[in-house]
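Working notes for the structure below.
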Amino acid sequence: MSITSLLPGRLGLGTAPLGNMFRAIPDEEAAATVDAAWDNGIRYFDTAPFYGAGLAEIRLGEALAGRPRDEFVLSTKIGRVILDEIEDPSARDLGEKGGLFEHGRPNKIVNDYSADATLRSIEDSLKRLRTDRLDIVWVHDVAQDFYGDEWLAAYESARTGAFRVLQRLRDEGVVRAWGLGVNRVEPLELTLDLEEPQPDAFLLAGRYTLLDHERALQRLLPAAKARNVDIVVGGPYSSGVLAGGQHFEYQQAPAPVVAKVERIKALAERHGVGIKAAALQFSLAHPAVAAAIPGASRPGRIAEDVAALGETVPAAFWTDLRTEGLIAQDAPVPSA
């Protein structure tokens with residue numbers, strides 16, 4: 001099933017920053033960011049227990065509590081259960097994402113993709129989000145960046161646990177759609193090859209952007225399109241480096257990445273194009289992509305994203321990107 005009829009638009013809000021990713025964000029600023037998204041017409045909100053050990057879900061739930069539930073789409077994730085027990089957030093083993101939410105809540109995070117943990121995670125998320133239902137549930141981070149050489153074991157646990165539970169909940173109408181939410185293409189390629197269970201969509205973060213898209217183009221996106229499995233692009237600004245930030249892959253951007261960004265920026269300036277517009281519209285141009293969900297922790301960023309989506313980008317800009325080898329020759333680009 002395609003989720004295009006479920007999503008209220010092509011732009012949503014990713015709430016990882018509201019879990020105090022990279023910095024401690026005041027509650028008032030987090031609430032103002034969600035309010036700004038609402039005021040700018042955004043009606044799709046994505047979150048996860050992992051973001052600040054439940055902090056992003058709590059903040060999003062508070063900000064949306066007074067909104068009519070039928071007027072927005074809500075997705076969260078399973079795979080991490082948040083306990084009352086306390087731990088040191090800076091000492092968590094997060095694979096390649098070490099220290100990502102060290103400013104979040106200190107509640108202990110347990111990785112668990114079993115059937116029982118999936119049901120518990122959903123129940124806990126409903127409480128934190130102060131809602132009676134979830135629209136989309138993603139299986140979170142069953143990939144190499146968090147589990148290294150053990151990622152296939154984590155994936156198999158999810159396949160025999162979470163996947164089956166979520167398919168049953170979808171078939172029963174408890175949730176409207178399910179899929180995987182990851183930062184790597186390989187788990188998604190594996191899942192597309194399964195006969196059962198079959199997801200409705202994937203949330204792919206950081207792998208279909210101006211800076212990194214060639215691997216996804218090879219097999220994943222064509223196969224997803226052929227199977228009517230939609231892609232939601234997370235991190236269209238590559239952790240912020242494409243939007244004036246310093247991070248790539250959730251860490252300090254390395255020199256080669258910064259150099260590539262500078263080349264893209266130079267072309268964008270030559271054509272009078274905002275780099276946010278270039279990044280966002282590129283990610284949305286592939287026919288397999290249903291939506292993009294850039295994250296934000298400052299209210300003013302939301303209006304920038306909305307404006308970037310509507311900005312006119314000349315065809316010559318995309319031609320120059322191809323000529324200079326900055327995007328793949330076969331990558332779809334927006335029509336002028």
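Filtering region 36-54 for residues that are among the acidic types (D, E) and under 19 Å from the mean Cα position of the chain (by Cα) leaves a non-empty set.
Please determine whether any residue of region 248-269 is without any contact (Cβ under 8 Å) to a residue 24 or more places away in the chain, surrounded by 20 or more Cβ atoms within 10 Å (Cβ to Cβ) and either of a type in the set (A, V, I, L, M, F, W, C) or in a helix (DSSP H, G or I) (or both). Within region 248-269 (the criterion being without any contact (Cβ under 8 Å) to a residue 24 or more places away in the chain, surrounded by 20 or more Cβ atoms within 10 Å (Cβ to Cβ) and either of a type in the set (A, V, I, L, M, F, W, C) or in a helix (DSSP H, G or I) (or both)), the answer is yes, since at least one residue qualifies.
Of all residues assigned to region 63-76, at least one qualifies as being buried (at least 22 other Cβ atoms within 10 Å of the Cβ), touching a residue at least 12 places away in the same chain (Cβ under 8 Å) and hydroxyl-bearing (S, T, Y). Going residue by residue through region 190-199, is there one that turns out to be under 20 Å from D112 (Cβ atoms), open to solvent by less than 10 Å² (accessible area, probe 1.4 Å), out of contact with any helix residue (DSSP H, G or I) (no Cβ under 7 Å at 6 or more places or on another chain) and not β-branched (V, I, T)? No: zero hits. When region 220-247 is limited to residues that are touching a helix residue (DSSP H, G or I) at 6+ places or on another chain (Cβ under 6 Å) and in a helix (DSSP H, G or I), the one that is surrounded by the fewest Cβ atoms within 10 Å (Cβ to Cβ) turns out to be A223.
Checked against the criteria, A303 does not count as free of Cβ contacts under 8 Å to residues at least 12 places away in the same chain, surrounded by fewer than 24 Cβ atoms within 10 Å (Cβ to Cβ) and either within 13 Å of P334 (Cα to Cα) or out of contact with any Leu (no Cβ under 7 Å at 6 or more places or on another chain) (or both). Of all the residues in region 54-98, those that are over 25 Å from A31 (Cβ atoms) and not aliphatic (A, V, I, L, M) number 11. Tell me, yes or no, whether region 215-238 has at least one residue that is among the acidic types (D, E) and more than 19 Å from A331 (Cβ to Cβ). No, region 215-238 contains no residue that is among the acidic types (D, E) and more than 19 Å from A331 (Cβ to Cβ).
The values are calculated or read from the model by the stated rules, or taken from the named source; none is laboratory data. Everything numeric here is computed off the predicted structure, so don't read it as measured data. Every residue, glycine among them, receives a Cβ derived from its backbone with ideal geometry; neighbour counts consider all protein chains shown. Just the protein is used for accessible areas: all its heavy atoms, side chains included, with ligands, DNA and RNA removed. Shrake-Rupley method; radii C 1.70, N 1.55, O 1.52, S 1.80 Å.
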